[in-house]
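**Q** Just dropping this structure here.
The values are calculated or read from the model by the stated rules, or taken from the named source; none is laboratory data. Remember, predicted model here, so these are calculated numbers, not experimental data. For neighbour counting, all protein chains shown are included, and Cβ atoms are generated from backbone atoms with ideal geometry for every residue, glycine included. Note: areas computed on protein heavy atoms with side chains; ligands, DNA, RNA excluded. Shrake-Rupley method; radii C 1.70, N 1.55, O 1.52, S 1.80 Å.
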Amino acid sequence: MKPAIGHGYRLQWETAQNAHVLLYPEGMVKLNGSAGEILKRCDGQRTVAEITADLERTFDTQGLTADVEAFISFAIEKGWLRA
């Protein structure tokens, strides 16, 4: 699976919110830091494993697979991502 931002959604950094936000016609979702970092890697080109590996390298940590997979599943259910 190579997740990408869902149709009708746009991910951007919002300085006023000091956070990544997901914009859509009916409103906006303010994302926490982890969600923003995951979603900005969901470009339709990388697999979930590649996204996880990049996060683990970037933040010098291990064991993020379950959390990343859970968030991506949640985001797909919400329509924020498409698989």
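**Q** What chymotrypsin sites (Phe, Trp or Tyr not before Pro) in the chain are in a loop by DSSP, with at most 16 other Cβ atoms within 10 Å of the Cβ?
**A** Passing sites in the chain are PHE59.
**Q** From the phi of every residue in the stretch 38-45, what ³J(HN,Hα) in whole Hz does the Karplus formula 6.51 cos²θ - 1.76 cosθ + 1.60 yield, where θ is phi - 60° and glycine or proline is x?
**A** 5, 5, 5, 8, 7, 10, x, 10
**Q** May I pose another question? Of all the Cα-Cα pairs you can form in the chain, what percent are over 23 Å apart?
**A** Of all Cα-Cα distances in the chain, 17 percent exceed 23 Å.
**Q** Setting aside same-chain residues fewer than 8 positions from LYS2, which aspartates and glutamates have a Cα under 17 Å from its Cα?
**A** LYS2 reaches GLU37, ASP43, GLU50, ASP54, ASP67, GLU69, GLU77.
**Q** Something else about it: Along the Cα-to-Cβ line of PHE59, 7 Å from the Cα, sits a label point; which residues in the stretch 17-45 have backbone N less than 20 Å from it?
**A** 18-22, 29-44
**Q** Here is a further query. Check the straight Cα-Cα distances from LYS78 and name the lysines below 16 Å, setting aside those fewer than 8 residues away within the same chain.
**A** LYS30
**Q** A further question follows. Could you tell me how many degrees, from 0 to 90 and to the nearest 10, lie between the Cα long axis of helix 65-78 and the main elongation axis, the longest principal axis, of the Cα atoms of the chain?
**A** 30 degrees
**Q** Check which residues have an amide H placed less than 5 Å from ALA19's amide H, if you skip close sequence neighbours.
**A** GLU14
**Q** Could you list which residues have their amide H under 5 Å from that of LEU81, counting only those 5 or more apart in sequence or on another chain, with H placed in the peptide plane?
**A** GLY6, ILE76
**Q** Another question, if that's okay. Can you tell me the accessible area per residue over the chain, all protein chains present, probe 1.4 angstrom, in square angstrom?
**A** 61 Å²
**Q** If the chain between GLU77 and GLU26 were fully stretched, how many nm would it gain, using 0.36 nm times the residue separation less the Cα-Cα distance?
**A** 16.6 nm
**Q** Also, I was wondering about something else. Mind listing the phi-derived Karplus ³J(HN,Hα) values for the stretch 6-11, rounded to whole Hz, using 6.51, -1.76 and 1.60 with θ = phi - 60°, and x for any glycine or proline?
**A** Whole-Hz 3J(HN,Hα) from phi for the stretch 6-11: x, 4, x, 10, 9, 8.
**Q** To the nearest 10 degrees, how steeply does helix 48-58 sit against the main Cα axis of the chain, on a 0 to 90 scale?
**A** Between the helix axis and the principal axis of the chain, the angle is about 80 degrees.
**Q** Keeping the other protein chains in place, figure out the carbon and sulfur percent of the accessible area of the chain, with a 1.4 Å probe.
**A** Ligands and nucleic acids excluded, carbon and sulfur give 48 percent.
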